[in-house]
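What follows is a set of notes on a single structure, which appears directly below.
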Amino acid sequence: MNILVTNDDGIFSAGVLSLAKSLQPFGNVYVVCPDQERSAISHAITLKSPIKANKVNFFDTSIEAWAVNGTPADCVKMAIEVILKEKPDVVVSGINRGPNLGRDVFYSGTISAAIEGAMYQIPSIAVSLATLKPNASFSIVEPLAYEVFETLFSHKLSAEAVLNINLPYLSKEMVKGVAAVPLAMDVLRYQYVGMNDPQGYLCYWLSDNLGELYFEDEESDYFKLRDGFITVTPLQLNMTNIAMKTKISKWFQGVKQSALSASTHD
């Protein structure tokens, strides 16, 4: 199995090394990541600047790796269309420092990289770690990641599968299990906080309120992760609201006919 690894924290982040090591037992691992941190860049791609992919020595390992001066989505596109000789069998993005929960899926470069893989009909997985500590030890959760991948790869994932996985920052012995959960879209994690700059002008900064949030829904991704579970949320590419589409079609039935009748009378 050929595995493409990417992330949004940059080619030399600790999380991507742990991810690559966790995946090596399952196949050939290739790493294509941004040359610098590109967090919260969502699904942006580079349109008006040239893209370069430079081969790098990946933490003194034998893993082939490239640094791309673009976004996480750029990295996946470049890997599939330009860099790799064969289309990968799976795309895995991460391990992101900090969880990706609820509304985060719309902001996250980690998740967008996985979505880009699914757009090429490749099963894709985003993995995040539930800690914001700058010096977090990703090696603690390598056994967790390995076990999750072992189960997932023993089943056939659909070509458009996108799985959002969050790992608690716990040792294997402390984890309660794996929970398939929905996104808690009603949770407002980030909020603007006003402050004065050195010149006295009011400006705003996004504050992450993750540690202060209270969750009522015990089946949500936020609650289960804090409760000590590995969370898995399947996402889908097709964002069309089928029920609303049917309603709107009914609203506009006969509109064209009415317009034609009016023009004929004129």
In region 90-114, what count of residues is obtained for those that are among the aliphatic types (A, V, I, L, M), out of contact with any Phe, Trp or Tyr (no Cβ under 7 Å at 6 or more places or on another chain), surrounded by 24 or more Cβ atoms within 10 Å (Cβ to Cβ) and part of a strand (DSSP E or B)? 2
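What strands (runs of 3 or more DSSP E) lie completely within region 184-242 and have 3 or more residues being touching a residue at least 12 places away in the same chain (Cβ under 8 Å) and of a type in the set (S, T, Y)?
Numbers: elements: 190-196, 202-208, 229-235.
Correct list: empty, since no element meets the threshold.
If I filter region 115-163 down to residues being among the hydroxyl-bearing types (S, T, Y) and farther than 19 Å from L210 by Cβ, which single residue comes out as least open to solvent (accessible area, probe 1.4 Å)?
Taking region 115-163 and keeping what is among the hydroxyl-bearing types (S, T, Y), we get 120, 124, 128, 131, 137, 139, 146, 151, 154, 158.
Restricting the remaining residues to those that are farther than 19 Å from L210 by Cβ gives 120, 124, 137, 139, 146, 151, 154, 158.
Working: Y120: 48, S124: 1, S137: 43, S139: 68, Y146: 79, T151: 79, S154: 83, S158: 73 Å².
The residue in question is S124.
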Give the number of residues within region 41-58 that are assigned to a loop (DSSP other than H, G, I, E, B) and out of contact with any Leu (no Cβ under 9 Å at 6 or more places or on another chain). 12
Considering only region 59-89, state which residues are surrounded by fewer than 23 Cβ atoms within 10 Å (Cβ to Cβ) and of a type in the set (V, I, T). T61, I63, I80, V82, I83
Among (1) out of contact with any Asp or Glu (no Cβ under 7 Å at 6 or more places or on another chain); (2) within 26 Å of T6 (Cα to Cα), where does Y190 come up short? (1)
Could you run through region 181-226 and say how many residues are touching a Leu at 6+ places or on another chain (Cβ under 8 Å), open to solvent by 40 Å² or more (accessible area, probe 1.4 Å) and of a type in the set (D, E, K, R)? 1
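I'd like the residue in region 3-40 that is in a loop (DSSP other than H, G, I, E, B) and under 19 Å from E142 (Cα atoms) and, out of all such residues, is farthest from the chain's Cα centre (by Cα).
Taking the candidates together, the pick is G27.
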Has region 78-89 got at least one residue that is under 21 Å from T231 (Cβ atoms) and either at pLDDT below 95 or part of a loop (DSSP other than H, G, I, E, B) (or both)? no
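The values are calculated or read from the model by the stated rules, or taken from the named source; none is laboratory data. Because the structure is a prediction, the values reported are computed rather than measured. No Cβ is skipped: glycine too gets one built from the backbone with ideal geometry, and neighbour counts run over all protein chains shown. Accessible surface areas use protein heavy atoms only, side chains included; no ligands, DNA or RNA. Shrake-Rupley method; radii C 1.70, N 1.55, O 1.52, S 1.80 Å.
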